[in-house]
Ligand SMILES: *Cc1c(COP(=O)(O)O)cnc(C)c1O
């Protein structure tokens, strides 16, 4: 397991690696306020709020959902990091992100808008770097994974990992378990991944381009939809907690791990193969779903 749940900032997670490069660009452009959007329990928003503080920047978050009476999980942490929160409906979220940025500009601020999940060519470079880091670590340990399995949603992580794998000559399967029903399909997701990865390749001056067939995807574990965990996720959380002392988040990592465990049961992966699970974090989500699985 690659433990990106333990990246050092604000309770960890994959968004920290993207934010390293996004905030680098924000500072280069002399911006003073980060603006981003996500669901009410967004890990990306929580880590953007934390990273903003570390970099000496302000942070505005556009969150879709109804504010609960008692903020919990990531939402509680957003407020602790002093982010200014704008609640809205899911349908108006994307537009609202730019409205908030416009309003800040009118007030003389210099907003830097980060897309949902930090998934653009800038953020994705963090996962190119991460893949090179992993390949070095595997070399040191003389391990050659046959597959790397992880949760994929807005695509920056997978785009970066796939590009990094090409650059490093990693031949194993880089398999994203899809978390988000919107992207189910053979339809809209691979073009998004290709665009992000090729933008990142251009940015780092790499002389290669990826195509849709460079992305390995599984859409079998979407369950009831995004942020609707069920038995698959709750069982994976219990299994990992009880057997390894490792925590998963109900939305992303428990769904990906539940999927991986099922693929192993079905014989998709065999005993002689080495599978690396890339833990992308999200453990603060646990507390927001405590009422659904915390009783037994
Ligand atoms: C955002 C997120 C993912 C998905 O990463 P993308 O780059 O958006 O595909 C996976 N796991 C966790 C915990 C996340 O917060």
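Between residue 1 and residue 90, the simple label model (points 7 Å from Cα in the Cβ direction) yields a spacing of 2.9 nm.
Of 54, 15, the sequence from fewest to most neighbouring Cβ atoms within 10 angstrom is 54, 15. Largest first, the three principal axis extents of the alpha carbons in the chain are 60, 53, 36 Å in whole numbers. Here 278, 289 are placed in order of increasing Cβ neighbour count within 10 Å, fewest first, which gives 289, 278. Working note: Cα atoms of segment 189-228, range along each principal axis, descending, whole Å: 41, 19, 11. Semi-axes of the equivalent ellipsoid of segment 79-235: what are they in whole Å, largest first, if each equals the square root of 5 times a C-alpha gyration tensor eigenvalue? Calculated on Cα positions only, the semi-axes equal 30, 22, 16 Å. Orientation-averaged projection of segment 149-296 equals 9.6 nm² [convex hull of Cα atoms, one quarter of hull surface area].
Kirkwood hydrodynamic radius of segment 69-166, from the reciprocal of the average inverse Cα-Cα distance over all distinct pairs: 16.6 Å. In plain terms, the chain from residue 290 to residue 102 could stretch by 63.9 nm, reckoned as 0.36 nm per residue minus the Cα-Cα distance. Considering only 141, 19, 247, the Gaussian network model of the chain with Cα springs below 10 Å gives its largest mean-square fluctuation to 141.
The simple Förster model, with R0 at 22 Å and r as the Cβ-Cβ distance, assigns residue 54 and residue 136 a FRET efficiency of 0.30. Given axes a ≥ b ≥ c from the Cα gyration tensor, I'd like to know whether segment 40-122 is rounded (a/c under 1.5), prolate (a/b larger than b/c) or oblate. Rounded, because the longest to shortest axis ratio a/c is under 1.5. Using R0 = 35 Å, the C-beta based FRET efficiency linking residue 79 and residue 242 works out to 0.65. Modelled label positions at residue 144 and residue 70, each set 7 Å beyond Cα in the direction of Cβ, lie 5.3 nm from each other.
For the residues 98, 277, 150, a GNM of the chain with alpha-carbon springs under 10 Å puts the largest fluctuation on 98.
For segment 213-283, the convex hull drawn through the C-alpha positions has a volume of 113 cubic angstrom per residue. Looking at the chain as a GNM with Cα springs under 10 Å, which of 40, 179, 204 has the largest mean-square fluctuation? Residue with maximal mean-square fluctuation among 40, 179, 204: 204. Panel note: the C-alpha atoms of segment 254-296, placed on their principal axes, show extents of 38, 22, 12 Å (largest first).
Once the chain from residue 129 to residue 228 is taken as fully extended at 0.36 nm per residue, the excess over their C-alpha distance is 32.5 nm.
Rule-based calculations on the coordinates, nothing more; no lab input. These numbers were taken from a predicted model, which means no experiment stands behind them. Virtual Cβ from ideal backbone geometry, glycine too; neighbours counted across all protein chains shown.
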